[in-house]
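Single-structure report; data block below.
The values are calculated or read from the model by the stated rules, or taken from the named source; none is laboratory data. This structure is a prediction, so every number in the text was calculated from the model and none was measured. Here the Cβ positions follow ideal geometry from the backbone for every residue, glycine too, while neighbour counts run over all protein chains shown.
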Amino acid sequence: MELRFTVNGQKQVLEVEPQARLLDVLREQLGLTGAKEGCGEGECGACTVLVDNLAVNSCLVLAHQARGRSVTTVEGLAPSGKLDALQQAFIQKGAIQCGYCTPGMLMSAKALLLRKPKPTEEEIRMALAGNLCRCTGYVNILRAVQDAAGTAESGEVRKA
Amino acid sequence: MAVRGNLEDSENRHETAGPEKLKQVGRSYPLHDAEAKATGRIRYTGDMSLQGMLCARILFSPLPHARIRRIDAAGALALPGVYGVFTHENTPDVLYNSQVWYAGQEALKDERLFPDTVRYIGDRVAAVVAANEQTAAKALGLIKVDYEELPAVFEAEQALRTDVPVPALAPWASPFFSKEISVGHVDECFEAPDAVVIEDRVETPKIHHAALEPHVCVAYPDHNGKITVLTPCQILYSVRLVVATVLGLPFNKVRVLKTPMGGSFGGKQEVTLEPLAAFFALATGRPVKIQLTRHESIISTRTRTKTIGYVRTAWDKAGNLLARDLKTVIDTGAYTSNGAIIGMAMGKKAFRLYRIPNQRYRTESVHTNTPVAGAARGYGSPQIHAITEINIDHAARRLGIDPVKLRLRNLVRPGDLDAGGGPPLGQAQIIACVAEGAKAFGWAQRRDAPHGTGRFRRGAGMACATHSNGYFGGFQDFTTMTLRMLEDGSMILNSGIQDLGCGTVTSMKQIIAEVMAISPDRIEAPEGDTETSPYDVGSQASRVTHVAGACALHTAGKLKEKLCREAAKLLECAPDEVILQSERIRSAAHPEKDCSYGEMVSLIQEKNRTEIIITETFQAQDNPGSYGADFVEVEVDTWTGLVRVVEVLAVHDVGRAINPGFVRGQIYGGVQMGIGYALTEDIAVDPVSGRAKGDRFSRYHLVNMPDMPPVRVILIEKGGDLGPFGAKSIGEIATCPTAPAVVNAVNQALGTNLETLPLTPERILRALACQ
Ligand code: FES
Ligand code: FES
């Protein structure tokens, strides 16, 4: 079945099985291995990509659901080679350890900032609730998103 | 790499300033591969695709214990695109143990590629190797297996019973391992008439490491009979040992390359998929990838060892800990793995946190028909500290003494020896951790604050822990490294390191950079390759910073000596008159004749006919304790039984932070893991069916971002031990005090004595109902 859509600004026409998941098409047919599979059931967010600027779990979406839409993966975050503010902040704030959750985290955070450029801490926490990380305890991820949004308070994370 | 330190580098660090002013050590550089990770450019093993690569999928046992009568693979083999079906009938029957990391290591060997009797739900029955995942999955469904079901046992204490027959799981009796360590006169202390005796039974769950990257491995053969294994592993040389043993290959025909690690926490420390992938590659002559799903990773790889602890302490009225009697029952699951040594690892820690003149530790390890236990962050420390620290708080309540005061009275002090006979504790700064932490947390106020009487109750708790710094005193521990300076002044460190995402590569660079007066980004430090890298014991036992880091320091020191010696000939001065500064080199007498490192190395090659290269072996000579204390405030919803962790303060004695940002990162992650251990995480093997209930992420709950409390960190950096610049371990100790601190806080909030982890809503509500 033919699938026409845009991925990271590039128009694509592919022959895609009707049941193929978006995640597999991105990784296997387009070689965009940034999005990861951590659970395959919508629980971990490692596979998060943007579809028309909304964050979706690409393990739960059929590729054909993206017909005519615009998909952005982590590879598309820095199209001109210049890092996105989020990428810059993740690197500088120590929000990356093993890095396996990072592409998904970045895309969920990107969707948030596109919708809400100055989110509150609570909004960040809720927007990233579906992205699991085992390495960082989320502490520096929160700081990085705040930093990219320009809402970082100096010093420690919120006091209770 | 941006050459700037993190703003927080000076924050919350209690240092005893060393004589030298450090330029590179103590700065928070980003990870060497952070940008590759942030852009999706990095290739994890699952992202790799090789020409002609096949995919393997494994058929896992649906039964907890069964003899395989017959396997009919005809249907699977007939499917186009299937290259092979592998079972116990056509694979090596070589027995191995997945946790051995050096040749000659003693361990019970009871695992093979495919057994003829499956021992747990998740055991390997067969595998299909096919052109792609879909075909392999389809073929798996066509394999017919005829099982003869056998009786099974799912609970460790059931496996120890002598009054009922226990199903034979292994050729060894149950327990298959038991041991006792004893000092002083334990029984007498408990019999003393005025002793206050506090007794607990603490249970810790089998948990999943939950690295976001599920287990994965690629192997390929070459034209000369060599197998190359690409694996995100922790111990390259352990993988080589097991693969070569199972395949019957010389060690130099097995090449293991460490690939980027998508998280491990001990879960990828043991050898699981590698011998399978290597065998399939050899058998088919093609590259083969095995990629597990989350569900498969949970049930079929390794778990944290479920442990039942019996602890009795004897105290005098003033709060002196007179004696402790400890017993652990170790449930290693269906295969032995590290089931013997982990009980000992737990026991050894029990002698290194408090001054206890009389103590006995006994451990018994059993097999059950449940997922296999193995290495897991802390290697028994989270278990033993949950057991003992819950008991200490119980004692504090009974004695009417504040838990912080009670601990301060009994904790070890810097310079103490190990009463159990292990290596000296070194600069054990746990008292400083507790004292500083109590102050910064506002312990006294929070502890005395009213708990509330309504639906929500608040409580504060804390706990302490210790962990090791390598294998010195237990097993051989050394590392070899080769360091070179090239003709342009850049450097290459060639070593067997494996970075688990914690910053090993960058830390090594910082250490070398400090010695060589060079910028860390001028150093290349690739991870290990068993064909070309010198030997390393592995990223295990919290040894990397302390031991491998010390090796980097010594090697760099030797290289600097050589550079100065050779440069002195050209600068016509004595070697000790050569000055290295900001990647330039000169003699003290003629500072105007200053040249770059690259120019000097080129000149040395041309005139002195030699290379600036050093290979150095470093042997560990100490194994001090790393220490940590966590302070926690919780709020418990007495209607739902849900616990919210309000705030955590973690104070750690790390000797010296090579990269404080990395150290904090380890602590934040350790706290996340510890909260899960205390409250939500459990594979939860059903005692009737043997099926894991927490067998996927929708039924296995990691702490997510909304539930993660703010975490404050204080680092105690007083140095003094033999790690590089005094550095000690952090990755494992980071998670050790958290769970008992959370449990102690909940018990304070509710006035309960909960001691079975995790504190699920059901357990909390049941305890409240009993009040
Ligand atoms: S892989 Fe899609 S949510 Fe986990
Ligand atoms: S950085 Fe490893 S899972 Fe998030």
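A quick yes/no check of all residues on (1) assigned by TED's automatic domain parsing to the domain that holds A:Asn8; (2) more than 14 Å from ligand 1 (Cβ to nearest atom); (3) not aliphatic (A, V, I, L, M):
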residue: A:Leu23; (1), (2), (3): yes, no, no
residue: A:Leu26; (1), (2), (3): yes, no, no
residue: A:Gln29; (1), (2), (3): yes, yes, yes
residue: A:Leu32; (1), (2), (3): yes, yes, no
residue: A:Lys36; (1), (2), (3): yes, no, yes
residue: A:Cys44; (1), (2), (3): yes, no, yes
residue: A:Asp52; (1), (2), (3): yes, yes, yes
residue: A:Val56; (1), (2), (3): yes, no, no
residue: A:Cys59; (1), (2), (3): yes, no, yes
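The C-beta contact set for region A:121-133 (first residue within 12 Å of ligand 1 (Cβ to nearest atom), second residue part of a helix (DSSP H, G or I), distance under 6 angstrom, 6+ apart or interchain) comprises A:Asn131/A:Gly104; A:Asn131/A:Met105; A:Asn131/A:Ser108. Across region B:208-223, the number of residues qualifying as more than 16 Å from ligand 2 (Cβ to nearest atom) and within 14 Å of chain A (Cβ to nearest Cβ) comes to 1.
If only residues of region B:731-771 that are touching a strand residue (DSSP E or B) at 6+ places or on another chain (Cβ under 6 Å) and part of a loop (DSSP other than H, G, I, E, B) are counted, the one that is surrounded by the fewest Cβ atoms within 10 Å (Cβ to Cβ) is B:Glu755. Of the residues making up region B:84-112, those that are within 16 Å of B:Ser337 (Cβ to Cβ) and in contact with a helix residue (DSSP H, G or I) (Cβ under 6 Å, 6 or more places away or on another chain) are B:Tyr96, B:Trp101.
For A:Gly40, the test of being more than 19 Å from A:Ala148 (Cα to Cα) and within 15 Å of ligand 1 (Cβ to nearest atom) is passed.
Pairs meeting the criteria (first residue in region B:260-285 and more than 14 Å from chain A (Cβ to nearest Cβ), second residue within 16 Å of ligand 2 (Cβ to nearest atom) and outside any loop (DSSP other than H, G, I, E, B), beta carbons under 7 Å, at least 6 apart or on different chains) are lacking. In region A:96-120, which residues are farther than 16 Å from B:Pro706 by Cα and away from ligand 1 (no atom under 16 Å from the Cβ)? Residues satisfying the conditions are A:Ile96, A:Gln97, A:Lys110, A:Leu113, A:Leu114, A:Arg115, A:Lys116, A:Pro117, A:Lys118.
Residues that are surrounded by 24 or more Cβ atoms within 10 Å (Cβ to Cβ) and in contact with a Lys or Arg (Cβ under 6 Å, 6 or more places away or on another chain) within region B:649-691 comprise B:Leu649, B:Val654, B:Gly655, listed in sequence order. Among the numbered conditions (1) among the polar types (S, T, N, Q); (2) part of a loop (DSSP other than H, G, I, E, B); (3) more than 13 Å from chain B (Cβ to nearest Cβ), the only one that A:Gln19 does not meet is (3). Answer with yes or no whether B:Gly263 is within 16 Å of ligand 1 (Cβ to nearest atom), in the same structural domain as B:Leu113 (by TED's automatic domain parsing) and at pLDDT 95 or above. So B:Gly263 fits the description; yes.
Tell me whether region B:684-691 contains one or more residues that are touching a Ser or Thr at 6+ places or on another chain (Cβ under 8 Å), more than 14 Å from chain A (Cβ to nearest Cβ), away from ligand 2 (no atom under 16 Å from the Cβ) and closer than 30 Å to B:Ala152 by Cα.
yes
Only one of the numbered conditions (1) under 25 Å from the mean Cα position of the chain (by Cα); (2) away from every other protein chain (no Cβ under 14 Å); (3) touching a residue at least 60 places away in the same chain (Cβ under 8 Å) is violated by B:His32, and that is (2).
For (1) at pLDDT 95 or above; (2) within 16 Å of ligand 2 (Cβ to nearest atom); (3) within 14 Å of another protein chain (Cβ to nearest Cβ), each residue gets a yes or a no:
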residue	(1), (2), (3)
B:Val3	no, no, yes
B:Thr16	no, no, no
B:Val25	yes, no, no
B:Asp47	yes, yes, yes
B:Ala56	yes, no, no
B:Leu59	yes, no, no
B:Arg69	yes, no, no
B:Asp72	yes, no, no
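Within region B:244-291, the set of residues being closer than 30 Å to A:Arg134 by Cβ and among the small types (Gly, Ala, Ser) comprises B:Gly262, B:Gly263, B:Ser264, B:Gly266, B:Gly267, B:Ala277, B:Ala278, B:Ala281.
All of (1) within 16 Å of ligand 2 (Cβ to nearest atom); (2) crowded, with 24+ Cβ neighbours inside 10 Å hold for A:Gln92 with one exception: (2). Does A:Thr72 fit the bill of being surrounded by 17 or more Cβ atoms within 10 Å (Cβ to Cβ), within 27 Å of B:Met705 (Cβ to Cβ) and away from ligand 2 (no atom under 16 Å from the Cβ)? Judged against the criteria, A:Thr72 is a match. In region B:476-505, the residues that are surrounded by fewer than 24 Cβ atoms within 10 Å (Cβ to Cβ) form no Cβ pair under 8 Å with any partner that is of a type in the set (Asp, Glu) and modelled with pLDDT under 95, whether six or more places apart or across chains. Scanning region A:95-120 for residues that are buried (at least 17 other Cβ atoms within 10 Å of the Cβ) and more than 16 Å from ligand 2 (Cβ to nearest atom) gives A:Lys110, A:Ala111, A:Leu112, A:Leu113, A:Pro119.
Test B:Pro382 against the criterion of being in a loop (DSSP other than H, G, I, E, B) and crowded, with 24+ Cβ neighbours inside 10 Å, and give yes or no. The answer is no for B:Pro382.
Among the listed residues A:Arg134, A:Arg143, which satisfies the condition of being crowded, with 19+ Cβ neighbours inside 10 Å, of a type outside the set (Ser, Thr, Tyr), within 13 Å of ligand 2 (Cβ to nearest atom) and not assigned by TED's automatic domain parsing to the domain that holds A:Cys47?
Every option except A:Arg134 fails the conditions.
The residue that is farthest from B:Arg407 (Cα to Cα), among those in region B:291-317 that are among the polar types (S, T, N, Q) and within 14 Å of chain A (Cβ to nearest Cβ), is B:Gln291.
Yes or no, residue by residue, for (1) surrounded by fewer than 20 Cβ atoms within 10 Å (Cβ to Cβ); (2) over 32 Å from the mean Cα position of the chain (by Cα); (3) of a type in the set (Gly, Ala, Ser):
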| position | (1), (2), (3) |
| --- | --- |
| B:Val82 | no, yes, no |
| B:Val94 | yes, no, no |
| B:Val100 | no, no, no |
| B:Leu108 | no, no, no |
| B:Asp123 | no, no, no |
| B:Ala137 | yes, yes, yes |
| B:Glu148 | yes, yes, no |
